1. Going by how many other beta carbons lie within 10 Å of each one, how would you line up Tyr392, Tyr160, fewest first?
2. From the P(r) of the stretch 192-306, can you give the percent of Cα pairs sitting at distances over 21 Å?
3. For a protection proxy built on the mean count of beta-carbon atoms within 10 angstrom, sort 53-65, 344-356, 134-146 highest first, please.
4. Which residue, Glu309, Glu133, Glu287, tops the fluctuation ranking in a GNM of the chain built on C-alpha contacts under 10 Å?
5. Please determine, in degrees from 0 to 90 and to the nearest 10, the orientation of helix 7-19 with respect to the longest principal axis defined by the Cα atoms of the chain, where the helix direction is its Cα long axis.
6. For a quick check: sort His66, His298 by the number of other beta carbons within 10 angstrom, fewest at the front.
7. Calculated from DSSP H runs of 4 or more alone, at -39500 (n - 2.57) each and per residue, what is the 222 nm mean residue ellipticity of the chain, nearest 500?
8. What is the dipole size for the stretch 282-425, taken about its Cα centre, with +1 at each Lys and Arg Cβ and -1 at each Asp and Glu Cβ, in debye to the nearest 20?
Amino acid sequence: MSRQVTQPEKVRTDLIQTELPTPRSGGSRLRTAAFGLGATALLASCASDAPQDTWAPEGKYAQDIHNLQWPIFMIAGIVGVIVFGVVLFVVIKFKDRGQPIPEQGHGNALIEYVFIAIPALLLAGIAVPTVAEVISLNDTDNADCVINVTGQQWWWEYDYPVDASNNICGFAPTGDAAPIVTSGQMVIPVGAKVVIRGTSRDVIHSFWVPKLNGKRDMVPGRVHTWNFEAEQPGIYAGQCAEFCGLSHANMRMEIVALDDADFQAWIDNQLEPYQSPEAGTLAATGEQTFISQCSRCHQIDGLTNADGELVVASPEQFVWSGAAPNLTNLMTRNTFAGASWDLLTEDCRADVWEAPPAEFGAKYLEGVTKSCLNEIDLKEWLRNAPAKKPMYTDPESLADTDGKTRGMPYLALSEDQINELVAYLIERK
């Protein structure tokens, strides 16, 4: 016996059919999904040659992470394809075509148990090797080299201590042993297990060189250890991975890996006694300019004043973090200002970065020559550092830091003073 439909119901059905938008066809949805997947794959492929590519490991610890993440991503991808496929099938198969509402049930116990067991097994299969790998990555026993790393706004300091055997990273200096303090680029021996002991002087930072290992936070008041090992000579780029203020994006780091002979040469060069520029030269004038304008915060080991007294920096009086980069042998590095800019010109930088492993050490140890010096960026930095690297939202307000700056202040140097400082600094290698 058929049910009679009243006139109001007919009118309402007509209104619903008129006002509701027409669903897109299944083919349209498939095209949209295919376009989205294709665009994602294209964008992913654009980063394949990135210097901070976590999918291109070049050290033991990064390779261990890579070996773990590949199967996990594959499992996640397979699960994702199945889920999206089922959802797409259901959306197309059972879209509203005016059919009666399906009969409602109370669930299927077998299906529910199966869909609880499968994720549980997958998560257990992922958790066990992940926990084992985390434990392995944190094993700092039998270190070949220990380096103290300190993060601050917005650069990294590297301190190479002298061990009980009077060695540095297992290498005996040719001359007298003394701690080496540098910044921007951390130099390590190839094939050595390097353990860094990291902390921070101000806020939380995160040390991340993706081709050599994962991320490790550096927290004020705590010391965190992390391991690195490079397979071959070269430069490995990194980035602070924890938002730490205005110039977070400008807080970078580089790990330079050298073979044993070149690493020995680097240590000996860092510990060579200080030599003043030749009297009467522009560099000699620059030395005095450095003493009067820069030595309050920046240390150059062995530098003496006119009375023959050692010039010792006291950044704790002027800088909020209490430290500033040690500029001893500055031109043995390729970068400055927290590795934000290169000391090398573009062509010379490519010559070092793209050098074959067998030739890299010699090119890196050559340092920055006058013909390769990137004077444009260096002079811009000396001319007005806060304009080049943001440090304060309001540079005029230092009340929250007792008048101390968070980074290099504006020094109002004349162009002559800038030229003198550049001439002096180019000899610091």
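FYI, it's all coordinate maths here, none of it is from the lab. None of the values given here were measured: they were computed from a predicted structure. Please note: Cβ atoms are built from the backbone with ideal geometry, for glycine as well, and neighbour counts cover all protein chains shown.
1. Working: Tyr392 17, Tyr160 22.
Placing the least packed residue first, the sequence is Tyr392, Tyr160.
2. On the way: 3828 of 6555 pairs.
For the stretch 192-306, the share of Cα pairs beyond 21 Å comes to 58 percent.
3. Details: 53-65: 17.9, 344-356: 15.1, 134-146: 13.5.
Ranking the peptides 53-65, 344-356, 134-146 by packing returns 53-65, 344-356, 134-146.
4. Glu309
5. So the inclination is approximately 30 degrees.
6. Numbers: His66 14, His298 19.
The order, fewest Cβ neighbours first, is His66, His298.
7. Per the formula, -12000 deg cm²/dmol.
8. Details: 11 positive and 22 negative charges, 38 e Å.
So the magnitude is around 180 debye.
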